[in-house]
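Below: the structure, in structure tokens.
The values are calculated or read from the model by the stated rules, or taken from the named source; none is laboratory data. Everything numeric here is computed off the predicted structure, so don't read it as measured data. Here the Cβ is made from the backbone with ideal geometry for all residues, glycine too, and neighbour counts use every protein chain on show.
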Ligand code: FAM
């Protein structure tokens, strides 16, 4: 059976040739304008970054190498005994642009499991952190510390050819992906169940199967399946979002994958980005506390207006690129729709009811360009239902997932020889001059 590295070796030369051709034939072709609003508006919509593994359409949502979420759900192998996409089949697709076979997926699971134990010094570091330190801070620290083991950094120091960069980047990426579950599970244990034993990595399980097992929920098949889907779907959302862009920027300096991904995690930890899933649940539970279980649509409307009038954003709604309901939100909702026990859960019902009225309220409020839910509106309530109730931990799960896309891009950036990022910044004085005589 082919390994992921074999599969990459097969596809890299054609992509390298294609990029070379693009540069020589179209290096000077104009594909967009830069307006002052881009310079002062967070570069929204500016086409200025190469990212192969996924592209986000404002109306349709994300496609992974051209495949929509329902298409991925049809063709990507699940775990033995499961139905949902797993991290390995998504990783294979992102990295190689090909759909893996069942055998390739299983082999990748085994390869990751074999690399999955944490080095002792990282265990000691994590165990020494205060229990009250936010789980995302701990995750970023743990990932950065893993760079002591970086094969890329060691090879670079020794002196290697540029054409070899990607192989060491892949090696580091595989080790990092493999160790994220043990790291993230140790953080969970330390913060919420100090002293509880953590099982070792089971070589026969997939990445998320092992993660759930180490979190202490291994016997819950439905939660395992939910997290498989969750982690596959959160894996990549094209390149411009804050975490992906951070990984790409830091990686472009030839910082190793551990440092680059650690930086990405600290971008993910912001409430306008990945921390929104923690915020959504806090907000929905406050709503429940204030107005009770049996809420009407009008009660929710009133609560939404109160949130907006107090100057806060409605967490889980709005998006930098999307202009329709996020298909990741829809896929997670669908997971609930097939399980009657989930549909009966008051918090899940509240999320659904909020979706019925929030777009209307946000449209009337008139500020956000996208009044629809993003993935974070749905992701936490199912975890809550299954007993994973510590919502400060939710962004860590997002962080385990987002490594799939960020590390894929790092491998490709090195395979394609992409340069260090260095956009031009302007002062208002310079903008004034340019505006007068463009
Ligand atoms: N509730 C209230 N106001 C909102 C809003 C929301 N959900 N979303 C946007 N706005 C406001 C926004 O604050 C801005 O107001 P000002 O003009 O006063 O600054 C205005 O609407 C225009 O914003 P936009 O152009 O529609 O959105 P941006 O591209 O600037 O920002 C988000 C995009 C996601 C940061 C923003 O919609 C937001 O803050 N949403 C709530 C937090 C959230 O759910 N984040 C998670 C995003 C998710 F996809 C992820 O990264 N995991």
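Structural remarks
- In the stretch 308-327, the qualifying residues are those that are in contact with a helix residue (DSSP H, G or I) (Cβ under 7 Å, 6 or more places away or on another chain) and assigned to a helix (DSSP H, G or I), and the one that is farthest from the ligand (Cβ to nearest atom) is 327.
- Residue 279, sole failed condition from (1) under 26 Å from residue 238 (Cα atoms); (2) touching a helix residue (DSSP H, G or I) at 6+ places or on another chain (Cβ under 6 Å); (3) not in a loop (DSSP other than H, G, I, E, B): (2)
- Against the test of being farther than 29 Å from residue 60 by Cβ and out of contact with any strand residue (DSSP E or B) (no Cβ under 7 Å at 6 or more places or on another chain), the options 222, 204 yield a single qualifying residue, 204.
Listed here are the residues, each with its yes/no results for (1) in a loop (DSSP other than H, G, I, E, B); (2) assigned by TED's automatic domain parsing to the domain that holds residue 207; (3) within 16 Å of the ligand (Cβ to nearest atom); (4) surrounded by 24 or more Cβ atoms within 10 Å (Cβ to Cβ).
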residue	(1), (2), (3), (4)
364	no, no, yes, no
368	yes, no, yes, no
371	yes, no, yes, no
377	no, no, yes, yes
380	no, no, yes, yes
411	no, yes, no, yes
421	yes, yes, no, no
426	yes, yes, no, no
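- Positions within the stretch 241-256 being part of a helix (DSSP H, G or I), surrounded by fewer than 24 Cβ atoms within 10 Å (Cβ to Cβ) and within 12 Å of the chain's Cα centre (by Cα), in sequence order: 242, 245
- The sole residue among 270, 292 that is surrounded by fewer than 17 Cβ atoms within 10 Å (Cβ to Cβ), closer than 26 Å to residue 332 by Cα and away from the ligand (no atom under 16 Å from the Cβ) is 292.
- Segments classed as helices (runs of 4 or more DSSP H), wholly inside the stretch 1-114, with at least 1 members that are over 30 Å from residue 209 (Cβ atoms): 4-26, 36-40
- Criterion: in contact (Cβ under 8 Å) with a residue 24 or more places away in the chain and either more than 21 Å from residue 204 (Cα to Cα) or in contact with a strand residue (DSSP E or B) (Cβ under 7 Å, 6 or more places away or on another chain) (or both) - qualifying residue of 126, 160: 126
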